[in-house]
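Trainee: Before I ask anything, let me first share the structure, which is written out below as structure tokens.
Computed from the coordinates by the stated procedures, all read-outs in this text should not be read as laboratory data. Model, not experiment: these values are computed from the prediction. Virtual Cβ from ideal backbone geometry, glycine too; neighbours counted across all protein chains shown.
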Amino acid sequence: MQTIRPPTTIDTVKLVCLSAIWASAFMCIEVALEDFSPFTIATWRIVIATAVLAPIVLLSRLPLPRDGRTWGLFTATGLLYNAIPFTLISWGQQFISSGTSAIVIASGPFISLLLSHFLTHDDRFTLHKFTGVAIGFSGVVVLVGVDAVDGSIEVVLGQLAIVAAVTFYVLSSLIIRRIVGVSPIVISAGVLATSALYMAPVMLLMDDAVPPDLGHMSVAALVFLGLVPTAFAYLLRIQIAQQVGTTFLSQVSLLIPVFGLLWGWLFLSEIPAQASWVALVLVLTGMTVTRLERPACTAGAKVPETPDHR
């Protein structure tokens, strides 16, 4: 497993950019749901992203893995990071807004904290981390709890689907760390391609793979979804996960709600409910507490080697 290093200022900038890009996916999904089913949306975004990244890998003549183990990890990652969570998020957004979906994604750090602590040797939680993610996750509890009390069963199920998707994202990050010596763009293309191979045939058997009366907005949203929040964000996410670990990467979930509410308000005229603002304050507070602790550097310590992907 590749050893991680402490995050730098550049890593933090990348994290913020990834948050803004990833948050736009929820807005695109909401628009695409007007004409496409959740599974079809998930499949098209994978197919489009594969169509972009695969030619880049081939034209760049980057070396492809030749061992079955790496391709097995690609396939497992594609299932956990693409097929299952993409479908779950699209399904959940049938019942909740794009802004709410972005806030529920904030359950990621809590889940990542537990899984990384027990499944890795160098990404353990501390008191600051535990306190921060506990506060942040309480925001999700507030959001889900309000709808549960109101008796909105479908809304609660939609939110729980997003939480389940986050769990699969975290698991995929742990698998990605086991892929060593492979360029991030090759990993991205390989993972997307393997999932596209079994999802596309199923989609073509469905009635809404290409609906007869397509709206221009839903098509544009689907294309953007495949190009930016999937293809480009995939590269950025894998690079962060490999270099600085899943716990740091999971903080993207605490920034996504800010951009999710912003994009929903700007482009979809979604006005957040009072519970959404309370949840947002809690997740941002949790992020701040988590970042209070900085990793200590030991003089003369050997810096772990990481592949140069420039």
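Trainee: Scan the chain and note any complete DSSP helix (H) whose C-alpha atoms cover at least 20 Å along its axis and whose Kyte-Doolittle average is 0.5 or more. Don't skip to the answer; put the middle values down first.
Mentor: Numbers: long enough: 9-32 (35 Å, 1.49); 38-60 (34 Å, 1.76); 127-150 (34 Å, 1.40); 153-176 (35 Å, 2.14); 184-204 (29 Å, 1.75); 252-268 (22 Å, 2.14); 274-290 (25 Å, 1.53).
Sorted by number, the helices that extend far enough and score high enough are 9-32, 38-60, 127-150, 153-176, 184-204, 252-268, 274-290.
Trainee: Could you check the simple spin-label distance between residue 128 and residue 209, using points 7 Å along Cα→Cβ, in nm with one decimal?
Mentor: 5.2
Trainee: Taking volume of the Cα convex hull per residue in Å³ straight from the coordinates, which label in (1) 167; (2) 150; (3) 133 is the correct one?
Mentor: Checking each listed value against the structure points to (3).
Trainee: What is the order of 155, 223, fewest Cβ neighbours within 10 Å to most? Walk me through the intermediate numbers first.
Mentor: Numbers: 155 20, 223 15.
Placing the least packed residue first, the sequence is 223, 155.
Trainee: OK, next. What Rg and what Dmax come out for segment 146-284 when only alpha-carbon atoms are used, in angstroms?
Mentor: Considering segment 146-284 through its Cα atoms, Rg and Dmax are 17.9, 51 Å.
Trainee: Could I ask something else about it? Which ordering of 14, 129 is given by a fewest-first count of other beta-carbon atoms within 10 Å? Before the final figure, lay out the partial values.
Mentor: Values: 14 20, 129 23.
Starting with the residue having the fewest Cβ neighbours, the order is 14, 129.
Trainee: Just want to confirm a number: the relative contact order over the chain, from Cα pairs under 8 angstrom separated by 6+ residues, in percent. Present the calculation step by step, with values, prior to reporting the outcome.
Mentor: Details: 479 pairs, mean separation 126.5, N = 310.
Normalised by residue count, the contact order of the chain is 41 percent.
Trainee: Please compute the Kirkwood hydrodynamic radius of segment 13-139 from all pairs of different C-alpha atoms, in Å with one decimal. Walk me through the intermediate numbers first.
Mentor: Numbers: mean 1/r = 0.0581 Å⁻¹.
Result for segment 13-139 stands at 17.2 Å.
Trainee: Which one, 292, 217, 205, is farthest towards the positive end of the dipole of the chain when Lys and Arg carry +1 and Asp and Glu -1 on their Cβ?
Mentor: Most positive-ward Cα: 292.
Trainee: Evaluate Rg over Rh across segment 50-204, taking Cα atoms for both radii and Kirkwood's formula for Rh.
Mentor: Values: Rg = 17.9 Å, Rh = 17.3 Å.
The Rg/Rh ratio comes out at 1.04.
Trainee: In a Gaussian network model over the chain where Cα atoms closer than 10 Å are linked, find which of 239, 274, 94 has the largest mean-square fluctuation.
Mentor: It is 274.
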